[in-house]
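Here the structure comes first, spelled out in structure tokens, and everything after it is commentary.
The values are calculated or read from the model by the stated rules, or taken from the named source; none is laboratory data. Bear in mind that the values here come from a model prediction, so they are computed numbers and not experimental data. Neighbour counts are summed over all protein chains in view; Cβ atoms, including those assigned to glycine, are modelled from backbone coordinates with ideal geometry.
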Amino acid sequence: MLLRPVRSDDGPALVRMFQEPAVAQWWPRYDAGRVEREVVGDEDTEATIYAIEVDGRVAGIVQCYEEADPDYRQAGIDIAVATAWHGTGVAVDALRALARHLVDDLGHHHLTIDPAADNARAIACYAKIGFRPVGVLRQNERGPDGTFHDTLFMDLVAGELR
């Protein structure tokens, strides 16, 4: 498993991933235009986005949002992995690699992630590297059906990273 900057030629694989029902359920409305603007083109300059590559194939993306203020050395993380890689450990490995980079190389002491409250697979994955539930953010995120649903706010302190 390799984390690397997203390249323009990753676009088609990422569009296919975001269209998979098991991914689109948690990452809705990522059509080709949005992937091009926000993931490949990195329109959102606040996020650092990495492609997750396994055996030369794009398995997904993992991204982080860093707080620059030295009094709040924290970062938020998001991840999306293609269905073919679900349950293989790729997501755990990618999250652990990014978390170690954020903690060891960049000096962050606090990491957060906020999966949908009913995304049991994601919550179990995040717990494997040390994330703990903090609380529910009520009606925090718009789902594929257009209604807002709860997310589970989870955090990890540097010394808890597994």
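Return the pairs, sorted by first residue and then second, in which the second residue is in a helix (DSSP H, G or I), the first residue lies in segment 94-114 and is closer than 13 Å to residue 63 by Cα, the beta carbons are less than 6 Å apart, and the residues are 6+ apart or on different chains.
111/99; 113/126
Exactly one of (1) within 22 Å of residue 16 (Cα to Cα); (2) more than 14 Å from the chain's Cα centre (by Cα); (3) crowded, with 16+ Cβ neighbours inside 10 Å is unmet by residue 108. Its number?
Just one mismatch for residue 108, condition (1).
Can you tell me how many residues in segment 37-68 are out of contact with any helix residue (DSSP H, G or I) (no Cβ under 6 Å at 6 or more places or on another chain), of a type outside the set (Gly, Ala, Ser), part of a loop (DSSP other than H, G, I, E, B) and modelled with pLDDT under 95?
Adding up the residues that qualify gives 4.
Touching a Cys at 6+ places or on another chain (Cβ under 6 Å), closer than 22 Å to residue 155 by Cβ and not in a strand (DSSP E or B): is that true of residue 91 in this structure?
Yes, satisfied.
Looking only at residues in segment 1-27 that are part of a loop (DSSP other than H, G, I, E, B) and either without any contact (Cβ under 8 Å) to a residue 24 or more places away in the chain or within 14 Å of the chain's Cα centre (by Cα) (or both), which one is surrounded by the most Cβ atoms within 10 Å (Cβ to Cβ)?
Ranking the candidates gives 6 first.
What single numbered condition from (1) modelled with pLDDT of 95 or more; (2) within 27 Å of residue 7 (Cβ to Cβ) fails to hold for residue 128?
(2)
Residues that are crowded, with 18+ Cβ neighbours inside 10 Å, under 26 Å from residue 118 (Cβ atoms) and in contact (Cβ under 8 Å) with a residue 12 or more places away in the chain: does segment 34-44 have at least one?
Yes, because at least one residue in segment 34-44 is crowded, with 18+ Cβ neighbours inside 10 Å, under 26 Å from residue 118 (Cβ atoms) and in contact (Cβ under 8 Å) with a residue 12 or more places away in the chain.
Here are some residues: 76, 87. Which one is closer than 25 Å to residue 56 by Cα and either modelled with pLDDT of 95 or more or surrounded by fewer than 21 Cβ atoms within 10 Å (Cβ to Cβ) (or both)?
Only one candidate passes the filter, namely 87.
Output the residue which, of all residues in segment 137-162 that are within 17 Å of the chain's Cα centre (by Cα) and hydrophobic (A, V, I, L, M, F, W, C), is surrounded by the most Cβ atoms within 10 Å (Cβ to Cβ).
Of everything passing the filter in segment 137-162, 156 is surrounded by the most Cβ atoms within 10 Å (Cβ to Cβ).
Only one residue in 127, 122 is in contact (Cβ under 8 Å) with a residue 60 or more places away in the chain, of a type in the set (A, V, I, L, M) and not in a loop (DSSP other than H, G, I, E, B). Which one?
Sole residue among the options that is in contact (Cβ under 8 Å) with a residue 60 or more places away in the chain, of a type in the set (A, V, I, L, M) and not in a loop (DSSP other than H, G, I, E, B): 122.
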